[in-house]
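The values are calculated or read from the model by the stated rules, or taken from the named source; none is laboratory data. Source: prediction; values computed, not measured. Positions of Cβ are generated from backbone atoms using ideal geometry, with glycine treated the same way; all protein chains shown enter the neighbour counts.
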Amino acid sequence: MDLALWITAGLLATVALLGGITKTFVPKEKLAAQHGGEWTRDAGVGFLKTLGILELLAAVGLILPAALDIAPVMVPVTALCWILLMVGAMVTHGRLGQFKLVMLNSVYLLLAAFIAWGHLAA
């Protein structure tokens, strides 16, 4: 079980890291031109950067607290926050009719739920 939690957290942290880097450092116009990034057209730059920073923090929060054994409770807290973020992403992509992305966000939500459950049940 512990190995499965580490693998899942690593996978989700990678997703969060890539998304965070993209939203934080890629210009809004370039994001809006990509498939799946259409929602950014109506979003403010500050909002996008904030989401990017939150995703970068999520990448850190899914790994470092458990790896360093410093406040390991932050791992399930981060996973629960990721669930909320994915609900918002699912609503946003659903409104645009991007149901493949809604399904992808659902997978990320389930991975985060597994991490939260695994750490809280232990």
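Some values worked out for this structure:
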{"read-out": "Output for segment 23-39, where each listed residue is under 16 Å from the mean Cα position of the chain (by Cα) and more than 21 Å from Gly94 (Cβ to Cβ)", "value": "Thr24"}
{"read-out": "Residue ID - farthest from the chain's Cα centre (by Cα), chosen from residues in segment 40-87 that are surrounded by 14 or more Cβ atoms within 10 Å (Cβ to Cβ) and charged (D, E, K, R)", "value": "Lys49"}
{"read-out": "Exclusive hit being of a type in the set (A, V, I, L, M, F, W, C) and in contact with a Gly (Cβ under 6 Å, 6 or more places away or on another chain), set Leu101, Leu96, Leu84", "value": "Leu101"}
{"read-out": "Residue match in segment 3-26 (condition: at pLDDT below 95 and on the phi < 0 side of the Ramachandran plot)", "value": "no"}
{"read-out": "Answer residue from segment 16-32, given it is basic (Lys, Arg) and surrounded by 14 or more Cβ atoms within 10 Å (Cβ to Cβ) and is farthest from Glu55 (Cα to Cα) among those", "value": "Lys28"}
{"read-out": "Scope segment 60-78; condition farther than 17 Å from Leu3 by Cα and either of a type in the set (Lys, Arg) or assigned to a helix (DSSP H, G or I) (or both); matching residues", "value": "Val60, Gly61, Met74, Val77, Thr78"}
{"read-out": "Unique match (being touching a residue at least 12 places away in the same chain (Cβ under 8 Å) and closer than 24 Å to Ala122 by Cα) among Thr92, Thr22, Thr8, Thr40", "value": "Thr8"}
{"read-out": "Scope segment 88-106; condition in a helix (DSSP H, G or I) and surrounded by 13 or more Cβ atoms within 10 Å (Cβ to Cβ); matching residues", "value": "Ala89, Met90, Thr92, His93, Gly94, Leu101, Val102, Leu104, Asn105, Ser106"}
